[in-house]
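Enquirer: If you scroll down you'll find the structure; I have some questions about it.
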Amino acid sequence: MSQENEHVQCLIIGSGPAGYTAAIYAARADLKPVMYTGMQAGGQLTQTTDVENFPGYPQGIMGPEMMEDFRKQAERFGTDIRFGYVSTVDFSSAPHKIVVDEVKTITADTVIIATGATAKWLGLPSEQQYNGFGVSACAVCDGFFFKGQDVAIVGAGDTAAEEATYLAKLCKTVHVLVRRDEFRASKAMVSRVLATPNIVVHYNTETQEILGNGKNVTAVKVVNNKTNVVSDIAVEGFFVAIGHKPNTDIFQGQLDMDDTGYLLTKPGSTLTNIEGVFACGDVQDMYYRQAVTAAGSGCMAALDAERYLAAKEHPVEA
Ligand code: NDP
């Protein structure tokens, strides 16, 4: 296998809104950023349809098209965008070492991590078939499309509880499908769900299939795991809120993370526990998870990287 070595000032890992925004800022600051896109170039938004909540697109835009715009803007200022995945990293000494596609080693003065998080899915073929056509993993993004309609949401954690109450403000009825006989969410969140008149909670209920007419979702087939009774609930929208997995496996043991694998950053910044390594977007944010918040933190990461490099070049005398 060939071994090439290359040194860069700023390496960006990941190509969602956070990565591309970091690239735009880093390129305009002349850091000559190199970006590795990961296997899903463009990130989670390439799997969505309409995006109506990203400022600057008054008519809304399709997710994949928006990510194309991000990419073009990053390229316009000279970002070197490469398709490839980072297989290992070594942050034990500066410059940091990054191995790409298991063969190419790059050293970098700064690394911006924007690898995102992956929504967990139930794993049903019908869920994939109707993804973007009634099935969604983000109520804040897509709830609006189901105004006045009946929807279901699966999950029993804080996200499901929060999204159910969010949906209840827009939708006629929200069916919450809870697989056990209780929620995992905090008491306060559960109380809010139970006090919302147009939310119907179905305990001991598992999703068997999402039903549709070939174009849109029409119902969800559920089974009660205590009685084995199978029934259909008529809905136009089906939301999956069973958690996310941050894409941080390659950073295990090197970067500080919480119990669920989200990278920890110094509050109010994108600084990780390793000098010169910055994290932005969903990989360090389990709460907001929006394209616009990811983009905002991508900007912060590039500014943090730029200031870190400037301080190294011109240290302030004590
Ligand atoms: P969690 O991992 O906390 O919850 C996932 C939920 O999905 C669980 O209730 C689980 O059920 C259920 N689930 C998992 N797999 C399936 C399946 N195949 N079928 C049906 N149900 C399934 O994820 P969240 O995204 O809710 O929360 C992640 C973290 O973020 C938590 O720490 C949470 O507290 C935090 N958070 C906090 C918020 C806030 O404070 N405002 C808002 C949102 C999140 P079971 O309980 O049976 O295992």
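The values are calculated or read from the model by the stated rules, or taken from the named source; none is laboratory data. Just so it is clear, the model here is predicted, and its values are computed rather than measured. Glycine also receives a Cβ, built like all others from the backbone with ideal geometry; neighbour counts cover every protein chain displayed. Ligands, DNA and RNA are stripped out before the accessible areas are found, and what is left, the full protein with its side chains, is counted by its heavy atoms. Shrake-Rupley method; radii C 1.70, N 1.55, O 1.52, S 1.80 Å.
Enquirer: Within the stretch 262-273, identify whether any single residue is crowded, with 17+ Cβ neighbours inside 10 Å, more than 24 Å from GLN40 (Cβ to Cβ) and of a type outside the set (Val, Ile, Thr), and answer yes or no.
Expert: yes
Enquirer: Would it be correct to say that ASN5 is over 26 Å from MET286 (Cβ atoms) and open to solvent by 60 Å² or more (accessible area, probe 1.4 Å)?
Expert: Yes: the conditions hold for ASN5.
Enquirer: Does ARG184 satisfy the criteria of being modelled with pLDDT of 95 or more, part of a loop (DSSP other than H, G, I, E, B), in contact with a Gly (Cβ under 7 Å, 6 or more places away or on another chain) and open to solvent by 30 Å² or more (accessible area, probe 1.4 Å)?
Expert: yes
Enquirer: Okay, moving on. Which one is surrounded by the most Cβ atoms within 10 Å (Cβ to Cβ) among residues in the stretch 119-149 that are at positive phi and at pLDDT 95 or above?
Expert: Among those that are at positive phi and at pLDDT 95 or above, it is GLY134.
Enquirer: What residue, among those in the stretch 286-299 that are out of contact with any Gly (no Cβ under 7 Å at 6 or more places or on another chain) and in contact (Cβ under 8 Å) with a residue 40 or more places away in the chain, is nearest to GLY63 (Cα to Cα)? Before the answer, list the steps.
Expert: Taking the stretch 286-299 first, the residues out of contact with any Gly (no Cβ under 7 Å at 6 or more places or on another chain) are 286-293, 295-296, 299.
This time we only want the ones that are in contact (Cβ under 8 Å) with a residue 40 or more places away in the chain, so: 286, 289-292, 295-296, 299.
Numbers: MET286: 21, ARG289: 15, GLN290: 12, ALA291: 10, VAL292: 13, ALA295: 14, GLY296: 18, CYS299: 20 Å.
If we take residues in the stretch 286-299 being out of contact with any Gly (no Cβ under 7 Å at 6 or more places or on another chain) and in contact (Cβ under 8 Å) with a residue 40 or more places away in the chain, then ALA291 is nearest to GLY63 (Cα to Cα).
Enquirer: Name the one entry in VAL220, VAL200, VAL240 that is in contact with a His (Cβ under 6 Å, 6 or more places away or on another chain) and of a type outside the set (Gly, Ala, Ser).
Expert: The conditions single out VAL200.
Enquirer: Suppose we keep only residues that are more than 17 Å from the chain's Cα centre (by Cα) and more than 18 Å from ALA279 (Cβ to Cβ) within the stretch 17-51. Which one would you say is surrounded by the most Cβ atoms within 10 Å (Cβ to Cβ)?
Expert: ALA27
Enquirer: From the residues in the stretch 236-254 that are within 16 Å of the ligand (Cβ to nearest atom) and not in a strand (DSSP E or B), which one is nearest to the chain's Cα centre (by Cα)?
Expert: Only one residue tops the list, namely ASN247.
Enquirer: How many residues does the stretch 150-181 hold that are surrounded by fewer than 19 Cβ atoms within 10 Å (Cβ to Cβ) and either among the β-branched types (Val, Ile, Thr) or more than 8 Å from the ligand (Cβ to nearest atom) (or both)?
Expert: 8
Enquirer: Out of all the residues in the stretch 122-141, which are away from the ligand (no atom under 16 Å from the Cβ) and assigned to a helix (DSSP H, G or I)?
Expert: Residue satisfying the conditions is GLN129 alone.
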